[in-house]
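Shown next, in structure tokens, is the structure this report addresses.
None of the figures in this text is laboratory data; all of them are computed from the coordinates on show. Nothing here was measured: the structure is a model prediction, and the numbers come from that model. Here the Cβ positions follow ideal geometry from the backbone for every residue, glycine too, while neighbour counts run over all protein chains shown.
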Amino acid sequence: MKRPGLFNEELLYECYQCARCTGSCPAAFAVDGFNPRNILLTYLRLGIEAVITDEKLWCCTTCHVCEDRCPQLIDVADLLCSLMNEAAMQGHIPEKVRASAEMILRTGRALLVSRRVDSIREKLGLKPLPEVPMEEVEGILDQTGMAVLIG
Amino acid sequence: MRYAFFPGCMMPVKYPGHESATRIIAEMLGIELVDMPFSCCSAPTLLRLVHYESWLALAARNLALAEQEGLNILTVCNGCANTLKEAALVLRNDPALKKKVNEVLKPWGKEFTGEIEVKHLLDVLRDDVGVEAIRSKTEKTFSFRIGIHYGCHLFRPPRIMYPDRLSPSKHFLPTQMDEILDATGMNPVQYNRRLLCCGSGLGTKVDLDAANQITREKLSHMADKDVQAICVGCPSCFEQFDRGQVILNRKENCDYKMPVFYITQLLGLAFGVPEEKLGFDQHRTKVTALLDGGGR
Amino acid sequence: MAKKGKADRQDKVARRATAENGPRIGVYVCHCGLNIDGSLDCEEVAKYASSLEGVVLAKDSMYTCSDAGQEQIKSDIREHNLNRVVVASCTPRLHEPTFRAACVEAGLNAYLFEMANIREHCSWVHLHDRQGATEKAKDLVKMSVARARLLQPQVETEVPITPRALVVGGGVAGIQAALDLADAGYKVYLVEKEASIGGRMAQIDKTFPTMDCSICILAPKMSEVGRHPNIELMTLSEVESVDGYIGNFHVRVKKKPRYVTDDCTYCGDCIKDCPQHMPNEFDCGLSTRRAIYSPFAQAVPATYLIDMDSCMNKHGIVACDRCYQACQHKCIDFSQQEEILDLDVGTIIVCTGSDVYDPTPLTELGYRRFPNVITSLEFERLINAGGPTGGNLIRPSDKTVPKSVGFLQCIGSRSKRSNPYCSNICCMNTIKDALLIREHWPDTKIYVFYMDIRAFGKGFEDLLMRARREGVVFIRGIPGEILQDDNSYSLKLIGENTLLSKLYEYEVDMVILSVGIEPRKDSAVVKRLLSLPSMADGFFMEAHPKLRPVDTPTGGIFLAGCAEGPKDIKDSVTQASAAASRANILMAKGKVTVEAITARIDPERCTGCGLCARVCPYGAILVDEETKVATVVEAACTGCGACCPECNFGAITMRHFEDHQILAQIDALAESDAGGKILAFCCNWCSYAGADFSGVSRIQYPAEVRIVRTMCSGRVDPKFVEYAFAKGIAAVLVSGCHIGDCHYINANSQTEKRVQRLWRKMARLGLNKERLRLAWISAAEGMRFSQEISALKEIVEKITPEEIEKGIEAFAPKRLPKGEHPDEATRPV
């Protein structure tokens, strides 16, 4: 399990569990039970199934401070990203996330552009937002296989 | 200076006032912004975590769009900067992957070769426009204590965002907003955990209450240093602080009164741009008390 | 080896034999029990050997290295008047000395002996190909016989050793080495850069695990150095240049002026009136000193000095003479100049010591931003009674005793963001510091944040347990960040306790960063002067990490202390005595024999172009600008051979590894079925040993390869490769030590350049570049060697007769430089 351009598995073995990552992590601070150091070790020792079923995995804010402070230069945040990719592949995905991804699939944007938005923009002297060529976006996402994932 | 303008998804929809401020400032500083039918960048806190390949393909589409016009991209959101910079770097360094992605784009007449660069507004302001130009355009200044929040995606991971400017310990410490605000005579101050995340990425995915705890940590350190206003360079961070304060005050009986500004709003104030053009009415945390009262 | 008289007689015997009877070669094929005979037919190989030109007898035996086997060789030499011996058995790296000694005992010069490696390189790696292995063994014997025919007797030269030593660096390692050698009766020059000897050990308070006062145990040694009749102590001195070679070094030392004469009685009257204040380096900048100062109270020599950069008289005009006025002995002299001294020594011991890591780049720790975050060295000065606070542990911010302290381990060590290695001493140093705090300030809470505690030495674990028993709290989990309370200047440490999987927030009054050690910043200068290799981390490289830990690859130069790697005082002292002993061996013998594989230059052919001198890693070739002739400084030459391929005039002879000897081996190899063979050049120290290791590990690989040994891959002349292709050999492997690990410092960088040039030439001539392969293989990479051969086997299988023809055409003998034909008669030695 590895997404192209993401984490380096060989480097993971070099983790000596110093805990600078978890010690700096905002999500670990806010969510009891979210622990990047622990996720890494659990992944290595107990395998991927042990980590991807827990929804808490998705608490990562992707701030990358773990990677920034790791003395072994391990890309912890990218490991978590790969794990979340795999979790999504297997259907373990929080509803909020799935809905946001669907929004992109259907509208090409993460937020809906309503008429109200257009009118506020107009009052400020801003032009309406250019249309996203949906055929193209849908086509691209179809090819990459996302449509199947989101359902 | 001519850039393809990448507004992202949040700013034009939720905070068009920031967009307005940005466009005005850009014009005053000689930056030409060209609009294009960009799609969602797409967000590093969302799509990248769900399906990396799709994220990369959409990012490549946006990059290819700008490349077609031969323009570098200017982003106004940390997330967009992060996505587009990472995608450009990954595709440039991995020819096999680039080939695969370009095959996906081919039916739509697009190709990314790696010619263009992606820059966050802050870097354009500091590096291309320069602090001297900003200083010369400043007409008013304010003395209220500003807590700058750079956010995370602007500069982490440093090997992707600023690979040429790493410290000996391989970090990158951002100073753009400090320099820009210094040039206008304003008063940015230090506070503990200045480089901590705002929490937005957690709130939008799983749990807003937990995210607000992170925001609360930031706000309390800012309050410890008597910060009176917060300055950000990203609409997601903006929302987290602006709305977050309101929620925390209501739910947890906090008493935070730190209005949040997007960088171009503060520049607008400094350059003498009329307030109605800067979109303060979209803020939840009211700015009027600060701007009317002390601090001027 | 042999004494001169005996060697003389042997030479005469040998030369007579060659001139009159031609070579009379005895070949011995060893069964080595079943080790060799189990996979190839030894009898057949012996029989084949006897058919070769020049071979007068060929035998196979069970265990040639046994006493009986050696006796057989000796009696055969005498009985049959043998003048060359070839033993086909195990690797020469194992038994060459054994058989050479046997030859010498029988009256044959040691350099007339040759070995064919048919065990590690043949029987052990082709266990399931009896026919292939036997054919290969025959080939290897043929190659050895071809070389043996052309071997010449050699005389090893002796070089005298000056019985004086130079010790660079006056820390505890330098002090110990100097004392050991001085006590043994040698004159020692101890050169120290600072104004006093003592180094780091003088700065620390107590030592672990005994909790001895550091300066108390060091000071007597320092005094001894100061008074020892055999030690000439030079402080404020640095080595400017080093020339020469083992036993004969010429060193130039620059001595900076002290501006205080020898009449100084150390009374201290001078400093009171000095108006200039500077940060005190000995106290890590935690206190000040004057421009005229003494580094510390127990300084040796016990005298003052003026730091002219901070003195008002630095521009040469006496603007202020308050110190002179205050001095009763008037022993201050502003006009002193620097001195240059020239020393002749036989051995050098490098003890340049260490610096600590500066944690400023780790911005999340707040060092230099938060006044109460200090390093472990600064802590040593604070609790040292001779330090800036008289031994009181106080917070820099408000001078109060901290009620709680936190030690952070592994700062600047074990990290790719700073130094990747473990700094050895920091764990024990922290434990010792914790116990000191416990002793003097029992109410202060102590937290140690760690990843691993390394308490490996004698008494170390006991000290750790004592610390635990006394209530020092050990938390496994390094803080992610340090925050400061701007009112109290206390610090908050946030992190995770990994053993409890719980986040923590500890508030402490003071943080001590347990910083790692780095080589001294100016050791780079010493490195360059002495041509010493160092590892990537900057510490000097020892000749062999296990068996020669205090030798450097350069003869006569030794290492001791932290210059070689982070270590504690005990290990520094141990190494210092070891280095002194190694130096003593050289100087006691009074002379050293140089193995007779050095380079010789023919002054008739030499044009003085200097290309050879430029590539010599040891600077052993000197070109006389006037006579335009280059000469080899024999004692400095290690025989790597990197110079030989540079010469376009055939002026250089590599004794015992001559061009025509190597070409003869290639000829022998190519005589039959050249197009199905791989020629591999392997260097004695790494790739040949790597191939041996393949054998020892029984890693199997194709039998098409034949190895030619050179001392260094730098010996491999492009013309050898061209010759091989001209003879129709299918593929060639050139292999040596990894770049940076070359046994001869950097000779293999020449190999790389030459192979690159060959590839370009092959491309121009339309030849398949894949027929020539370059590989860096260490002595431990047996698997790697076998993979290279397998890769080349594929080339051999796919190669077409046309490609072979093309190679023969392209590199036909007419392109060889004049006078280099392999059949040329033996050259004068």
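Taking label points 7 Å from Cα along the Cα-to-Cβ direction, C:Leu611 and C:Lys458 give a separation of 5.8 nm. State log₁₀ I(q)/I(0) for chain B at q = 0.09, 0.12, 0.14 Å⁻¹ as given by the Debye formula over alpha-carbon point scatterers of equal weight, solvent excluded. For the requested q values the scattering log ratios are -0.43, -0.77, -1.04. Peptide C:493-504 has a mean of 5 when you count, residue by residue, the C-beta atoms of other protein chains within 10 Å of its C-beta. Computed from Cα atoms, the angle from the helix B:95-105 axis to the main principal axis of chain B rounds to 90 degrees.
Mean projected area of the Cα convex hull of the stretch C:205-249, taken over all directions, amounts to 5.6 nm². Each part gets one Cα centre, and for the stretch B:224-272 versus the stretch C:71-85 those centres are 97 Å apart.
In plain terms, the residue of C:Lys719, C:Lys138, B:Lys140 with the fewest other Cβ atoms within 10 Å comes first and the most crowded comes last, giving B:Lys140, C:Lys719, C:Lys138. Cβ-Cβ distance of B:Gln282 and C:Asp321, R₀ of 60 Å, FRET efficiency by 1/(1 + (r/R0)^6): the value works out to about 0.20. Annotation: peptides C:52-62, A:64-74, C:797-807, ranked by per-residue average of other Cβ atoms within 10 Å with the highest first, follow the order A:64-74, C:52-62, C:797-807. Taking a 31 Å limit on the Cα-Cα distance, which of the listed pairs B:Lys170/C:Lys567; B:Lys119/B:Lys140; C:Lys416/C:Lys546; C:Lys255/C:Lys546 fall beyond it? The answer is C:Lys255/C:Lys546. In chain B, the longest principal axis of the Cα atoms and the axis of helix B:78-93 are about 30 degrees apart. Here's the list of lysines a cross-link from B:Lys106 could span, going by alpha-carbon distance under 18 Å and ignoring same-chain residues fewer than 8 apart: B:Lys98.
Rounded to whole Å, the principal axis extents of the Cα atoms in chain C read 92, 66, 56, largest first.
What does the C-alpha gyration tensor say about the overall shape of the stretch C:355-518? Classify as rounded when a/c is under 1.5, otherwise prolate if a/b is larger than b/c, or oblate. Here the stretch C:355-518 falls in the rounded category. Against the empirical 2.2 N^0.38 Å (N residues), the stretch C:518-589 has a Cα radius of gyration ratio of 1.06. For the stretch C:657-815, the spread of Cα coordinates along the three principal axes comes to 38, 31, 27 Å, biggest extent given first. Listed by chain and number, the aspartates and glutamates whose alpha-carbon sits under 20 Å from that of C:Lys761, ignoring those within fewer than 8 places in the same chain, are C:Glu646, C:Asp717, C:Glu722, C:Glu752, C:Glu770, C:Glu802, C:Glu803, C:Glu805, C:Glu809. In terms of distances greater than 21 angstrom between alpha carbons, the cross-link table entries C:Lys138/C:Lys727; C:Lys628/C:Lys719; C:Lys59/C:Lys142 yield C:Lys628/C:Lys719. Inter-part distance, the stretch C:113-137 to the stretch C:221-291, computed on C-alpha centroids, equals 63 Å.
Per the Cα gyration tensor, the stretch C:195-320 maps to an equivalent ellipsoid with semi-axes of 26, 24, 14 Å, ordered largest to smallest. The ranking of C:Tyr688, C:Tyr111, C:Tyr447, C:Tyr489 from fewest to most other beta carbons within 10 Å of each one's beta carbon is C:Tyr489, C:Tyr447, C:Tyr111, C:Tyr688. Taking Lys and Arg as +1 and Asp and Glu as -1, the other residues whose beta-carbon sits under 9 Å from that of C:Cys331 total -2. With neighbours defined as other Cβ atoms within 10 Å of a residue's Cβ, the residues B:Cys197, C:Cys42 order from fewest to most as C:Cys42, B:Cys197. Straight-line reach from C:Lys187: which aspartates and glutamates fall under 18 Å, measuring Cα to Cα and dropping same-chain residues less than 8 apart? Within the straight-line cut-off, C:Lys187 pairs with C:Glu224, C:Glu232, C:Asp342, C:Asp344.
Please work out whether the protein assembly as shown counts as rounded, prolate or oblate from its C-alpha gyration tensor, where a ≥ b ≥ c are the square roots of the eigenvalues and a/c under 1.5 means rounded, while otherwise a/b larger than b/c means prolate and anything else oblate? Verdict is oblate for the protein assembly as shown. Principal-axis analysis of the Cα atoms of chain C puts helix C:172-183 at an angle of about 70° to the longest axis. At a Förster radius of 56 Å, what calculated FRET efficiency corresponds to the Cβ-Cβ distance of A:Tyr13 and C:Asp443, to the nearest 0.05? Once rounded, the FRET efficiency stands at 0.80. Nearest 500 deg cm²/dmol is fine: what mean residue ellipticity at 222 nm does chain C get from its DSSP H runs of n ≥ 4 alone, each adding -39,500 (n - 2.57), divided by its residue count? Helix-only estimate at 222 nm: -9000 deg cm²/dmol. Shielding value for C:476-484 is 6, the average number of Cβ atoms from other chains within 10 Å of each residue's Cβ.
Most simply put, the protein assembly as shown has about 35% antiparallel DSSP beta bridges, counting only bridges with both residues inside it.
When Rg and the Kirkwood radius Rh are both evaluated on Cα atoms of the stretch C:495-638, their ratio Rg/Rh stands at 1.22. Using a Debye calculation, one point per C-alpha and no hydration shell, please list log10 I(q)/I(0) for the stretch C:423-506 at q = 0.11, 0.20, 0.22 Å⁻¹ in order. Listed by q, the Debye log ratios stand at -0.34, -1.02, -1.14.
Within 10 Å of the Cβ of each residue in A:26-38, the mean number of Cβ atoms contributed by other protein chains is 6. For the stretch B:132-292, the square roots a ≥ b ≥ c of the C-alpha gyration tensor eigenvalues yield an a/c of 1.5 or more together with a/b not exceeding b/c, which makes the shape oblate. Taking every C-alpha pair closer than 8 Å and separated by at least 6 residues, the mean separation divided by the residue count of chain C gives a relative contact order of 11 percent. For chain A, the mean residue ellipticity at 222 nm estimated from helices alone is -15000 deg cm²/dmol, where every DSSP H run of n ≥ 4 contributes -39500 (n - 2.57) and the total is divided by all residues, rounded to the nearest 500. Okay, which of the stretch C:337-357 sit inside 13 Å, backbone N to the point 7 Å along the Cα-Cβ direction of C:Lys254? Within reach of a label on C:Lys254: C:338-341.
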